[in-house]
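Undergrad: Okay, handing you the structure first.
The values are calculated or read from the model by the stated rules, or taken from the named source; none is laboratory data. None of the values given here were measured: they were computed from a predicted structure. No Cβ is skipped: glycine too gets one built from the backbone with ideal geometry, and neighbour counts run over all protein chains shown.
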Amino acid sequence: MKGSSALFWGALLGGGALAIAAFSRRAEASSREVPGGPRPLTPHGLGDLEAGAVATPTTSEPSSVELPGQIVVPVPSGPRPKVPSTAPVPAWNRRTDDGGPPLFIPDELEALARIITSEAGSGPIAERMALGWIARNRARARRPPVNIARLVCAPCGESSGNARPFSSRMPATAANRELAAMILATPQAQDPTQGAESCFEPGLQDRLYAAGKPGNRLDARGIRYCWLRSGLDYYGSVGRWDLFGPKAGRGVRPVPREWKLDGYAVCCYRDTRTACRGKQPGDRLEV
């Protein structure tokens, strides 16, 4: 992957003009209620995605240190496409928990930028790049494939399992709008995550679990066990995030021994195993 960094960013920046042209195709945002509510999204079919965690925005810089299991995501070193410093449509530039009406955004670039902002804030660019690609891959993996805006902004809001697998609660920043434009302009074959479709932040998940936050009955070890059991494979890590993708996909990596999953088993969400009848997610099972 390192050897292809120059090619990756050359193609990416070369497509910048195409990406920025996407702004000229913006549709009008709708803040109206849809009669009967929004049409449900088709389930992804990957089992429960119980993390649903939103990373706390940080201002840390990208790290150049390569750790075991870490994916090397190329960081741009040249000029990037210029994008507007404010939201293309003012009605889009708000949080979804501000007391206003439901926010529907049909624009794919704006929806992707909101995902990056909501999940990773202004964190390291490698993490934001990976999250953007994972969201793009997830929308593409739906059957039938859907637009990213349909995936998370019909309407926008907090992550909600398979219905809205990524948070789009926060308004996009100019920097993340620029990053989203570059991701959408890049050929699928140059995906640095190698096809990852799901991710979560283990450190944050452990904190949510320890605090007893509703909907977080599994710690990071339990999430990893349940996701691997549901048919996903480990695709490596980028910064604070663990990446997962389709079974036997091109990005598969060995499961780290540090996860201590040998001889470990718990009940997962919506677990149909006989041993889990009457049990709660996170309850230990005899192996």
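Undergrad: Can you name every one of the strands (runs of 3 or more DSSP E) wholly within segment 180-249 that holds 1 or more residues which are of a type in the set (Val, Ile, Thr) and crowded, with 20+ Cβ neighbours inside 10 Å?
TA: Strands (runs of 3 or more DSSP E) meeting the threshold: 232-238.
Undergrad: Looking at segment 250-287, which of its residues are aliphatic (A, V, I, L, M) and assigned to a loop (DSSP other than H, G, I, E, B)?
TA: Those that are aliphatic (A, V, I, L, M) and assigned to a loop (DSSP other than H, G, I, E, B): Val252, Val255, Leu261, Ala265, Leu285, Val287.
Undergrad: Within segment 266-279, track down each residue that is over 23 Å from Glu201 (Cβ atoms) and of a type outside the set (D, E, K, R).
TA: Answer for segment 266-279, where residues must be over 23 Å from Glu201 (Cβ atoms) and of a type outside the set (D, E, K, R): Thr272, Thr274, Ala275, Cys276, Gly278.
Undergrad: Give, as residue ranges, the helices (runs of 4 or more DSSP H) completely inside segment 100-155 that count at least 2 residues that are more than 19 Å from Phe244 (Cα to Cα).
TA: The helices (runs of 4 or more DSSP H) meeting that bar are 108-120, 148-152.
Undergrad: Only one residue in Gly161, Gly212 is without any contact (Cβ under 8 Å) to a residue 60 or more places away in the chain and among the small types (Gly, Ala, Ser), so which one is that?
TA: Gly212
Undergrad: Here's a follow-up. Out of curiosity, is Trp259 more than 21 Å from Pro74 (Cα to Cα) and modelled with pLDDT of 95 or more?
TA: Taking the combined requirement at face value, the residue satisfies it.
Undergrad: Another question, then. Any residue at all in segment 124-135 that is of a type in the set (Asp, Glu), more than 12 Å from the chain's Cα centre (by Cα), modelled with pLDDT of 95 or more and surrounded by 16 or more Cβ atoms within 10 Å (Cβ to Cβ)?
TA: No - not one qualifying residue is present in segment 124-135.
Undergrad: Examine segment 143-150 for a residue that is in contact (Cβ under 8 Å) with a residue 12 or more places away in the chain, closer than 27 Å to Ile105 by Cα and under 14 Å from the mean Cα position of the chain (by Cα), and state whether such a residue exists.
TA: Looking through segment 143-150, at least one residue is in contact (Cβ under 8 Å) with a residue 12 or more places away in the chain, closer than 27 Å to Ile105 by Cα and under 14 Å from the mean Cα position of the chain (by Cα).
Undergrad: Need the failing condition index for Val266 against (1) under 30 Å from Pro124 (Cβ atoms); (2) touching a Gly at 6+ places or on another chain (Cβ under 9 Å); (3) of a type in the set (Val, Ile, Thr), just the number.
TA: Only one criterion is unmet by Val266, namely (1).
Undergrad: Just to verify a result, which residue in segment 140-158, among those that are small (Gly, Ala, Ser) and buried (at least 22 other Cβ atoms within 10 Å of the Cβ), is farthest from Thr96 (Cα to Cα)?
TA: Per the criteria, the residue is Ala149.
Undergrad: Please go through segment 165-177 and pick out each residue that is buried (at least 22 other Cβ atoms within 10 Å of the Cβ) and closer than 18 Å to Ala130 by Cα.
TA: Matches in segment 165-177: Pro165, Phe166, Ser167, Ser168, Ala172, Asn176, Arg177.
Undergrad: Name every residue in segment 229-280 that is in contact (Cβ under 8 Å) with a residue 12 or more places away in the chain and among the β-branched types (Val, Ile, Thr), in order of residue number.
TA: Val238, Val252, Val255, Val266
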